[in-house]
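Asker: Could you have a look at this structure, given as structure tokens, before my questions?
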Amino acid sequence: MEERTFYPLTPSQLSIFLSRKYSMHKSIINIPTSLIVKEALDLDVLEEAVRKGVQRWDSFAIRLVKDKEPKQYFGKREAECIERLDFTGKSREIMEKTFLKLGAKKLEIFEAPMARFFIVKTPEGYGGIFSVINHLIMDSWAISMFYKDCMEIYSAMKNGSPMPKEVKPYEKVLKKEVMYRQTEQYQKSLEYWRNEFSRGEPIFTHINGSEVLEKFRKKKGYENARFAGAFYLRSTSGHDLHWVHRDDIEKMTGFLEENKFPSLQVMFQMGLRTYLSKVNSQVEDVSTYNIVARRGTLEEKMTGGTRVHFVHFRTIMPKDTTFLDGCRMLYDKQNELYRHADFSPMEMFEVEKELLPCKA
């Protein structure tokens, strides 16, 4: 009988697992992605490259087991399917609708492969890959690295060049994550988050403005409430695309270079924070959740799995804070948080609940 090593779900996986469990749409944890190369590709070779890629990445071996507490093991590396999609003579709109429909179809998560692949020929005659991968086995970073690996395999097969370097095994990274709570860093991060939530209760700020909190206060009869419930299981979202022009990107990039900020993220945070403050009665205390990829080491960068954590990101800015000083404050706070981003988001909520219990 095959011997298996079982692992608990990581905090990243558990938050995703619970999202699926309590959502009416089980496809909520699908990540549909496409890669189209603007040239005619040899689709037979591309399909073989994808098959080889699946065998190189042990994320495709992850199998979940239904138990009192969900657990996982590494089995056979495979996808649910690798099929062809030919849109020759069809419109791009039909192709996009097909992708949307396939992306909305749920993937089984227990004792089953959690990925589907489609080798694509576009209406223009270009070649590419469309995939639907479960967030439980890969995040967007891992998927992009997998696509890169597939295209390097394709190039090697077509040109007779050496194959790309072997991928780092995710199981090795997973073992370290499972042991995290027994490390000194865990204790330091626990102390950090206890201190962070001991600063007093943050205040709820909604994207639709302060009236959301005011309505909640009236409904609950608690005029000093600093929290509110505003999300429901039947909440829906739109799909809007907002284009940023090249001139604006160049201006922002110039600002970052001049002031030695490493990425656009700090400007996005500043913009979001400024907006939330403005529509919530110019409040100085604003909290958001910051998404952290947790891909700092070479081993973490070159492996699969899902490693994304979210962290509580709270800043208090006086009204006379300049834009530049605000960006610096956010950048410093962001770096501070990143040192403690391996701490479980679920446990972070428990610490917050313990130190900041809701009184209503």
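Asker: Mind listing whichever residues of the range 340-358 are assigned to a loop (DSSP other than H, G, I, E, B) and either touching a residue at least 12 places away in the same chain (Cβ under 8 Å) or surrounded by 16 or more Cβ atoms within 10 Å (Cβ to Cβ) (or both)? Give the derivation first.
Answerer: Initial filter on the range 340-358 (assigned to a loop (DSSP other than H, G, I, E, B)): 340-344, 356-358.
Selection gives His340, Ala341, Asp342, Phe343, Ser344, Leu356, Cys358.
Asker: Filter the range 238-263 down to the residues that are aliphatic (A, V, I, L, M) and more than 29 Å from Leu100 (Cβ to Cβ) and list them by number. Before the answer, list the steps.
Answerer: So in the range 238-263, the residues aliphatic (A, V, I, L, M) come out as 241, 244, 249, 252, 256.
Of everything in the range 238-263, those that are aliphatic (A, V, I, L, M) and more than 29 Å from Leu100 (Cβ to Cβ) turn out to be Met252, Leu256.
Asker: Then there's this: Name every residue in the range 314-341 that is closer than 16 Å to Leu272 by Cα and either charged (D, E, K, R) or not assigned by TED's automatic domain parsing to the domain that holds Phe204 (or both), in order of residue number.
Answerer: Matches in the range 314-341: Arg314, Lys319, Asp325, Arg328, Lys333.
Asker: I would also like to ask the following. For the range 78-95: of the residues being part of a helix (DSSP H, G or I) and hydrophobic (A, V, I, L, M, F, W, C), which is surrounded by the fewest Cβ atoms within 10 Å (Cβ to Cβ)? Before the answer, list the steps.
Answerer: Our first condition is that a residue be part of a helix (DSSP H, G or I); within the range 78-95, this holds for 92-95.
Going one step further and asking which of them are hydrophobic (A, V, I, L, M, F, W, C), we end up with 94-95.
On the way: Ile94: 12, Met95: 20.
Out of the qualifying residues, it is Ile94.
Asker: Leu330 - would you say it is in a helix (DSSP H, G or I), crowded, with 18+ Cβ neighbours inside 10 Å and within 20 Å of the chain's Cα centre (by Cα)? Give the steps one after another, and end with the answer.
Answerer: Working: in a helix (DSSP H, G or I): yes; crowded, with 18+ Cβ neighbours inside 10 Å: yes; within 20 Å of the chain's Cα centre (by Cα): no.
So Leu330 does not fit the description; no.
Asker: OK, next. Please report, ordered by residue number, the helices (runs of 4 or more DSSP H) entirely within the range 209-311 with at least 3 residues that are surrounded by fewer than 17 Cβ atoms within 10 Å (Cβ to Cβ) and of a type outside the set (A, V, I, L, M, F, W, C).
Answerer: Values: elements: 211-220, 246-259, 265-279, 298-301.
Of the helices (runs of 4 or more DSSP H) lying wholly inside the range 209-311, those with at least 3 residues that are surrounded by fewer than 17 Cβ atoms within 10 Å (Cβ to Cβ) and of a type outside the set (A, V, I, L, M, F, W, C) span 211-220, 246-259, 265-279.
Asker: While we're here: Just to be sure before I move on: is Ala112 in contact with a Phe, Trp or Tyr (Cβ under 7 Å, 6 or more places away or on another chain), in the same structural domain as Met24 (by TED's automatic domain parsing) and assigned to a loop (DSSP other than H, G, I, E, B) in the structure I sent? Walk me through it before giving the result.
Answerer: Details: in contact with a Phe, Trp or Tyr (Cβ under 7 Å, 6 or more places away or on another chain): no; in the same structural domain as Met24 (by TED's automatic domain parsing): yes; assigned to a loop (DSSP other than H, G, I, E, B): yes.
Here the answer is no, as Ala112 does not meet what is asked.
Asker: If you don't mind, another one. Evaluate the range 312-321: report whether one residue or more is without any contact (Cβ under 8 Å) to a residue 12 or more places away in the chain and in a loop (DSSP other than H, G, I, E, B). Before you say what the answer is, go through the steps one by one.
Answerer: First pass over the range 312-321, keeping only residues without any contact (Cβ under 8 Å) to a residue 12 or more places away in the chain: 320-321.
Remaining after also requiring in a loop (DSSP other than H, G, I, E, B): 320-321.
Within the range 312-321, one or more residues are without any contact (Cβ under 8 Å) to a residue 12 or more places away in the chain and in a loop (DSSP other than H, G, I, E, B).
Asker: Consider only pairs whose beta carbons are under 8 Å apart and that are at least six residues apart or on different chains; among these, list those whose first residue lies in the range 10-23 and is in contact (Cβ under 8 Å) with a residue 60 or more places away in the chain and whose second residue is surrounded by fewer than 17 Cβ atoms within 10 Å (Cβ to Cβ) and basic (Lys, Arg).
Answerer: Arg20/Lys26
Asker: Kindly indicate whether any position in the range 125-140 is more than 20 Å from Ser12 (Cβ to Cβ), among the acidic types (Asp, Glu) and either part of a helix (DSSP H, G or I) or in contact (Cβ under 8 Å) with a residue 40 or more places away in the chain (or both).
Answerer: Applying the first criterion (more than 20 Å from Ser12 (Cβ to Cβ)) to the range 125-140 yields 125-130.
Filter once more, so that each one left must be among the acidic types (Asp, Glu): none.
Among the residues of the range 125-140, not one is more than 20 Å from Ser12 (Cβ to Cβ), among the acidic types (Asp, Glu) and either part of a helix (DSSP H, G or I) or in contact (Cβ under 8 Å) with a residue 40 or more places away in the chain (or both), which makes the answer no.
The values are calculated or read from the model by the stated rules, or taken from the named source; none is laboratory data. The shown structure was predicted, so the numbers you read here are calculated from the model rather than taken from an experiment. Methodologically, a virtual Cβ is constructed for each residue, glycine included, from the backbone with ideal geometry; neighbour enumeration extends over all protein chains shown.
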